[in-house]
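What follows is calculated from the coordinates using simple rules that are stated; it is not laboratory data. Since the structure is predicted, the reported quantities are computational estimates derived from the model, not experimental observations. FYI the Cβ positions are ideal-geometry reconstructions off the backbone, even for glycines, and counts take in every protein chain you see.
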Amino acid sequence: MLLVALLAILPLAGAVAAWLVPSNHQRPLVLPVVALLHIGHVIAAIVFSPPPSPSEWIELDAIGKIFLLEMSLLFGACSVYAVSYLRYRSERDNRVLCVGMLVCLSAMTLASVAHHLGILWLAIETTTLTMAPLVYFNRNARSIEATWKYMMVCSVGIAMALLGLFFLAYSMLVAGIEPSLLLESLQGAAPKLPSAWLNAAFILLLIGYGAKMGLAPMHTWKPDAYGEAPGLVGAMLAGGLASCGLLGLIRVYQICMITGDVRVYRVILTGVGLFSIAVAAVFLLRQTDFKRMLAYSSVEHMGLFAVALGIGGPALRGVMLHLIGNGLAKGVLFLVAGNIHRAFGSKNREAARGALRRAPWSGALFLGGFLALTGSPPFLPFFSEYLVFSASFSLGWGRVGAMTALLLMVAFLGMALTILPVVFGEPPRDRQRTKYRDTLVLAGPPTFLLILVALLGIWLPPPLSRLIDEAARLAGGGM
Amino acid sequence: MTSLADQMLVVVLLINILVLGTHRTRVAIRAIAAQGIVLAALPLMTHQFQFHLLVMALFVLLAKGVCIPWLLLNALKKVEVNETLKPFLGYSGNILAGAVVTGLAFAVVSYLPLAPAHRGLLAVPAALATIMAGFIDLTSRRKAINQVIGYLMLENGIFIFGLLLTEAMPLMVEAGALLDLIAGIFVMVIIINQISREFSSIDTSRMTALREVE
């Protein structure tokens, strides 16, 4: 318990420290220090499995462990990158950014360990708030517009999720059971809950957490926020906040999967998932801005998560694997996209061409991240996507699997149309070379993440594999 | 006691219509503050007296009745550009839509499988009507600050539904939710200030730089 409390308090203490450091130059150093301590504690917590809190509100289960690991590793990479990035942007006050990142880490930690759905909701709401000033870091008209859309869509979405939670609790009341938002109580009562309230709750929670994840049609804030935010904030949004939304959805899924009729949830999830992938694929085909492209790619992968949850069974193992693979690969792409943006002073594929020549390290990483994310072997997403497809055919969702595969192919093509010219193109002659050069601090963190995604694809350590099996079992409604 | 609660919920519903129909932002802020104060008093009427309910009522009063309206009025003072921007549906259209969803909420409720104790109470239809009215205000208004008021109305509706379930939500979570709400409004108010500085208007329909263009 102490270990878990420490995990959430550590970043908060870091946030206070970052607030107090007066120098804009020294302040970002707090980030990697906290990140390193956090990763150490996360590994200790995963190994030692601290017991749940007496009230059972806080418990680190296998699902929480995987989310925590992914978020902590991603934050680690972003924090090292941030030191150099914020030095480059030294004209901007970075106090709000540093404090926001650290409070967000604390809230994400709380979300991973919460077994009380009210606390989980609170943590997810807090992550939304802390990221708003970060999206607005560039202080121009475009980033204001993006921040406003982000705030309104996510706030209304998260309010809908709260109403969904109330409906869940109310369904217990109607069934004559003492209402509670504790995961275990809800799971215990699930078979007896009236389906009308449960279905309404599921839809509202899907809308709410789906807005946070960026499932279509609630994805509209995503390209704007990802496009205008600095690369490292984009990485945190795509790999951290979207994962938190997914975690919220998985907790609801854990309850719904032990009710009488699960078919309806499966159909809704696969439907919403396929729609998201389709919308993303269409917009990927015509996207020329590579940061917005990454946002649509995130919509695509969130859709894939929804489809995999809908299929269930062995696909849930794919969900857990993909959570790690997608989160870390997104980290690679967003951080590198930030580098390439600076190397060319543009994020449009017409102007930013030939990254391999201008910034070879970043260019190679961009290509590597693209291959990793779109599921090329030997990277981890290949194996997770394979699991989802094979599950779809073995469980009688063959048509869904085939459509997903087709749409993923279109999305791959769309991304290739942007990424290949950016990496291999001829650098435009009329554009001045910017001062940007690849350095160890800027290209190292994404390299580390990419190597991790490749290594985990080639060899998954048996303890991690067992943890993933356990998480998949829990997600499917096991207790 | 419940009949008094029902009468107060009627006040809440009337405030919804007032907020939807008014063309003066200051009136809308005052009205939403009044709605917050009514909501703060509600839990004390529907439940037997408990200490934690009193604490909660005070929290709600401070947050929805004092703190948030103060933030909004302050923001209004800074961005006052004296523009009258008709909502997309027009003022009478807004009022009509508000009346329609209120009627709809009452019609729907008779089909819902409610807990026996809550049949015939106004709380569920009032909650649904306020949520829908808030959503209409949020989507039809063009001024950023009015959209925030719509969002608050939506939150108020959810709060009314939550009153039926005070046992399920621990005090800590409810207080946290209120703190998050205040922080959220605070962030929105800051963004509104920036919008008005950058665009010399708080008409959000002018913000179109980020549309997908081809």
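Across region A:377-394, rounded Karplus estimates of 3J(HN,Hα) from the backbone phi angles (6.51 cos²θ - 1.76 cosθ + 1.60, θ = phi - 60°) give x, x, 6, 4, x, 4, 6, 5, 5, 4, 4, 5, 5, 5, 5, 4, 7, 6 Hz, Gly and Pro being marked x.
Measuring from centroid to centroid over Cα atoms, what is the spacing of region A:426-449 and region A:182-233 in Å? About 37 Å separates the Cα centre of region A:426-449 from the one of region A:182-233. Here the Karplus curve 6.51 cos²θ - 1.76 cosθ + 1.60, taken at θ = phi - 60°, turns the phi angles of region B:180-185 into couplings of 4, 5, 4, 4, x, 5 Hz, with x standing for Gly and Pro.
Taking Lys and Arg as +1 and Asp and Glu as -1, the other residues whose beta-carbon sits under 9 Å from that of A:Ala359 total +3. A Förster distance of 56 Å, applied to the separation of the beta-carbon atoms of B:Thr84 and A:Trp459, puts the FRET efficiency at 0.25. From the alpha carbon centroid of region A:31-96 to that of region B:93-147 is 41 Å. Rounded to the nearest 10 degrees, the inclination of helix A:95-113 to the longest alpha-carbon principal axis of chain A is 30 degrees.
Straight-line cross-link reach from A:Lys291 at under 15 Å between alpha-carbon atoms covers these aspartates and glutamates, not counting any fewer than eight positions away in the same chain: A:Asp224, A:Glu228, A:Glu300, A:Glu350, B:Glu212. Each of A:Gly164, A:Pro50, A:Met236 was scored by the projection of its Cα onto the charge dipole of chain A, and the greatest displacement toward the positive side belongs to A:Met236; charges sit on the C-beta of Lys, Arg, Asp and Glu. If a/c stays under 1.5 just call it rounded; otherwise compare a/b with b/c (prolate if a/b is bigger, oblate if not). Do that for region A:223-295, with a ≥ b ≥ c from the square roots of the Cα gyration tensor eigenvalues. Note, shape of region A:223-295 comes out oblate. Cβ under 13 Å from A:Gly157's Cβ, A:Gly157 left aside: what net charge do those residues give with Lys, Arg +1 and Asp, Glu -1? So the surrounding residues net to +1.
Computed about the Cα centre, the dipole magnitude for the protein assembly as shown is approximately 1920 debye when only Lys and Arg (+1) and Asp and Glu (-1) carry charge, each at its Cβ. In terms of its alpha-carbon gyration tensor, region B:1-134 comes out oblate; a/c meets the 1.5 threshold, while b/c is at least as large as a/b.
Size of region B:71-214: Rg and Dmax of its alpha carbons, in Å, are 18.1, 57. For the pair B:Val27 and B:Phe51, label points projected 7 Å from Cα toward Cβ lie 4.5 nm apart.
Please work out the C-alpha center-to-center distance from region A:373-391 to region A:257-316 and express it in whole Å. Value for the Cα centre distance between the two parts: 15 Å.
So what does the Cα-only Debye profile of region A:275-479 read at q = 0.16, 0.17 Å⁻¹, as log10 I(q)/I(0), no solvent term? So the normalised log intensities work out to -0.98, -1.08. Amide H contacts under 5 Å for A:Ile58: A:Ser53, A:His115, restricted to partners 5 or more places along the chain or on a different chain, H placed in the peptide plane at 1.01 Å from N. Between B:Ala41 and B:Leu4, residue separation times 0.36 nm minus the direct Cα-Cα distance comes to 12.2 nm. Computed from the Cβ-Cβ distance with R0 of 22 Å, the FRET efficiency linking A:Arg89 to A:Glu350 stands at 0.30.
Within region B:108-214, the chymotrypsin sites (Phe, Trp or Tyr not before Pro) that combine a DSSP coil assignment with at most 15 other C-beta atoms in a 10 angstrom radius are B:Tyr111. Taking the Cα centre of chain B as origin and assigning +1 to Lys and Arg Cβ atoms and -1 to Asp and Glu Cβ atoms, the resulting dipole is close to 580 debye. With θ taken as phi - 60° and the Karplus curve 6.51 cos²θ - 1.76 cosθ + 1.60 applied, the whole-hertz 3J(HN,Hα) list for region B:186-203 is 4, 4, 4, 5, 4, 5, 4, 4, 5, 4, 5, 5, 7, 10, 6, 5, 10, 7 Hz, x standing for glycine and proline.
Label reach from A:Leu406 (point 7 Å along Cα→C-beta): in region A:259-283, amide nitrogens under 20 Å belong to A:267-283.
Net charge around A:Asn94, counting only other residues with Cβ within less than 15 Å of its Cβ (Lys, Arg = +1; Asp, Glu = -1)? Around A:Asn94, the surrounding residues sum to +4. Using 0.36 nm per residue and subtracting the Cα-Cα separation, the extra length available between A:Arg142 and A:Ser23 on full extension is 40.0 nm. Summarising the label geometry, the points placed 7 Å from Cα in the beta-carbon direction at B:Val66 and A:Glu184 lie 4.0 nm from one another.
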